[in-house]
Amino acid sequence: MSMVDEPLYPIAVLIDELKNDDIQLRLNSIRRLSTIARALGEERTRRELIPFLSENNDDDDEVLLAMAEELGVFIPYVGGVEHANVLLPPLETLCTVEETCVRDKAVESLCRIGSQMRESDLVESFIPLVKRLAAGEWFTARVSACGLFHIAYPSAPEMLKTELRSIYNQLCQDDMPMVRRSAASSLGKFAATVEYAYLKADIMTIFEDLTQDDQDSVRLLAVEGCATLGKLLEPQDCVAHILPVIVNFSQDKSWRVRYMVANQLYELCEAVGPEPTRTELVPAYVRLLRDNEAEVRIAAAGKVTKFCRILDPDLAIQHILPCAKELSSDSSQHVRSALASVIMGMAPVLGKDATIEQLLPIFLSLLKDEFPDVRLNIISKLDQVNQVIGINLLSQSLLPAIVELAEDRHWRVRLAIIEYIPLLASQLGVGFFDDKLGALCMQWLQDKVHSIRDAAANNLKRLAEEFGPEWALQHIIPQVLDMINNSHYLYRMTILHAVSLLAPVMGSEITSSKLLPVVITASKDRVPNIKFNVAKVLESIFPIVDQSVVEKNIRPCLVELSEDPDVDVRYFSNQALHAIDHMMMSG
């Protein structure tokens, strides 16, 4: 092919590939659009590639989605911001397709391009595009239009702004619920760009219409808008316009709408100020905490701490805590679980006295819950309570429950307790730990579940780091080394794992004198799995000890293992010997 025809080549290949039956080929060529555009140059990209893409009516959604995504970052390839308007036609077509994710991606790309366009181009090209989509015969175009108003509005001249507000109002009253849904979900973004005078007049009228929509899917999207609009309005306007709406919504006949309110309510407290919160929103929230639908109670329970942070502590104690107490014995385990995941956060909000009197009984009842997830959620947040009530009280009231959970029948609960132990140890101090929790840590090394034994070994390492090698030598090492004689090989393997983790913490001397002899003895075990794990442990600890110890103890042991009848034992011992040789050579 001659040099003259070279630039024609990419577009010809692209056209061929985009018409190919194989979807993967079509996808690949779309993903390579930027490369092709670079090869063609800016002018030919504008003149040939973009018009071709506008006409390319591929019927596969995956290809269209990829195209909508690529075009969003295409401004540099068409000659920069002054030529950005050439990208609008193909994206406009994509805004009208049936597949939602393609339309959403096209709207996202249009927003990205629109936010970079010059004001004059927005007025000449972008705003007419929004108006065409909003007047589209097919509902998909009108749905897409709703997401573009916040880009189009700020640059529009006064006359056009009035027209855009009026068009948006029409979209909010569209016959199709899908269009009204889209208008409701984009209202917050649009409202943020509208001048305050029109915000109070036009936007609030639109909002009030949406809140009375007969479709619950539209109303629940209007709830989302409440918090956004509330933050845009002055507090007194917010109280006048938003507050009555949210109070009504909290008693809506559809549980989905009440669920959205439960999720959003705490955000509105900041918008309306303390007094309306106390008189209006607290009663609404209490109603949601006692809702007859479990889903609504779950959402409300999950926000209980966020809500209490906004309130005066006395209000929280008076109104919210009684509800929390009721929810801790709710008939739905998911409600109890949602409460358990956040209730610990209430301790810093309520202060020491209220925590001890009111919250501790709730914690204890949730710690004894029959559902493991509830217990887990409480355990994982215990440190938040400790900061408020101090370790002595915590240990008196919660330690018995922790000891009980350490033997819980669900292994995930036991695992959560183990992972919490180092934190507890650092807070309790060494004396307290030895009395109450030391024995538990050893007990876990002989658990029936491998994950627990593994976590128990890691736990010992973290405790040794926390309390120091001298403490570990006294309290951990003797008990661990005793267990190497356990009759079950899986427990003996756990001890080898614990030794490999403890060695770096304990240092060269203790490893050589205390840990290494036990590992060497284990190399004579009758079970091959133990022997090849000995080889692995020796490989991990030889860099810690002196070279003389490696030559005198470790190498002979590995040489013996490398002649073992078992293939895996030979493999791992040879691997360890190679590692030692490599270190000697590089050293």
Original post:
Would you call SER182 open to solvent by 10 Å² or more (accessible area, probe 1.4 Å) and touching a Cys at 6+ places or on another chain (Cβ under 7 Å)?
Top reply: yes
Subject >> Selected residue (only one of PHE572, PHE542 is among the aromatic types (Phe, Trp, Tyr), crowded, with 19+ Cβ neighbours inside 10 Å and modelled with pLDDT of 85 or more) >> reply: PHE572
Original post:
What single numbered condition from (1) over 30 Å from the mean Cα position of the chain (by Cα); (2) among the aliphatic types (A, V, I, L, M); (3) within 26 Å of LEU33 (Cβ to Cβ) fails to hold for VAL102?
Top reply: (1)
Original post:
Which of the residues belonging to segment 288-298 are open to solvent by 10 Å² or more (accessible area, probe 1.4 Å) and not acidic (Asp, Glu)?
Top reply: ARG290, ASN292, ALA294, ARG297, ILE298
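State whether the residues of segment 447-456 include one that is open to solvent by less than 60 Å² (accessible area, probe 1.4 Å), more than 32 Å from the chain's Cα centre (by Cα) and farther than 15 Å from TYR420 by Cα.
No, the conditions are met nowhere in segment 447-456.
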Subject >> Residue ID - farthest from the chain's Cα centre (by Cα), chosen from residues in segment 188-210 that are under 12 Å from GLN173 (Cα atoms) and not acidic (Asp, Glu) >> reply: THR205
Original post:
Does ILE75 satisfy the condition of being in contact with a His (Cβ under 9 Å, 6 or more places away or on another chain) and of a type outside the set (Ser, Thr, Tyr)?
Top reply: yes
Original post:
Among the residues of segment 579-586, is there at least one that is more than 46 Å from the chain's Cα centre (by Cα), among the β-branched types (Val, Ile, Thr) and surrounded by 14 or more Cβ atoms within 10 Å (Cβ to Cβ)?
Top reply: no
Original post:
Restricted to segment 254-287, and to residues that are among the basic types (Lys, Arg) and under 15 Å from ARG297 (Cα atoms), which residue is least open to solvent (accessible area, probe 1.4 Å)?
Top reply: ARG258
**OP:** Would you mind stating whether LYS200 is among the basic types (Lys, Arg) and either closer than 22 Å to CYS111 by Cβ or open to solvent by less than 30 Å² (accessible area, probe 1.4 Å) (or both)?
**Re:** no
**OP:** Determine the pairs where a residue that is within 12 Å of THR494 (Cβ to Cβ) and in contact (Cβ under 8 Å) with a residue 12 or more places away in the chain, located within segment 447-466, has a partner that is assigned to a helix (DSSP H, G or I) and among the acidic types (Asp, Glu) with Cβ atoms under 7 Å apart, the partner being 6 or more residues away or on another chain.
**Re:** ALA455/GLU419
**OP:** Quickly run through segment 31-77 and pick out the residues that are among the aliphatic types (A, V, I, L, M) and closer than 22 Å to ARG103 by Cβ.
**Re:** LEU33, ILE50, LEU53, VAL63, LEU64, LEU65, ALA66, MET67, ALA68, LEU71, VAL73, ILE75
Original post:
From the residues in segment 436-446 that are in a helix (DSSP H, G or I) and of a type in the set (A, V, I, L, M, F, W, C), which one is surrounded by the fewest Cβ atoms within 10 Å (Cβ to Cβ)?
Top reply: ALA439
**OP:** Could you pull out every one of the helices (runs of 4 or more DSSP H) wholly within segment 344-411 that has 2 or more residues that are of a type in the set (Gly, Ala, Ser) and either open to solvent by 40 Å² or more (accessible area, probe 1.4 Å) or modelled with pLDDT under 75 (or both)?
**Re:** 391-405
Subject >> Residue list for segment 134-148, restricted to those being part of a helix (DSSP H, G or I) and either at pLDDT 80 or above or open to solvent by 50 Å² or more (accessible area, probe 1.4 Å) (or both) >> reply: PHE139, THR140, ALA141, ARG142, VAL143, SER144, ALA145, CYS146
**OP:** Filter segment 85-103 down to residues that are part of a helix (DSSP H, G or I), open to solvent by less than 10 Å² (accessible area, probe 1.4 Å) and not β-branched (Val, Ile, Thr), then give me how many there are.
**Re:** 5
Original post:
Can you name the residue in segment 463-521 that is among the aromatic types (Phe, Trp, Tyr) and closer than 23 Å to LEU423 by Cβ and, of all such residues, is least open to solvent (accessible area, probe 1.4 Å)?
Top reply: TRP471
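The values are calculated or read from the model by the stated rules, or taken from the named source; none is laboratory data. Keep in mind it's a predicted model, so treat the numbers as computed, not measured. Note that we place each Cβ from the backbone using ideal geometry, even for glycine, and neighbour counts take in every protein chain shown. Quick note on the areas: whole protein, heavy atoms, side chains included, nothing else; ligands and nucleic acids left out. Shrake-Rupley method; radii C 1.70, N 1.55, O 1.52, S 1.80 Å.
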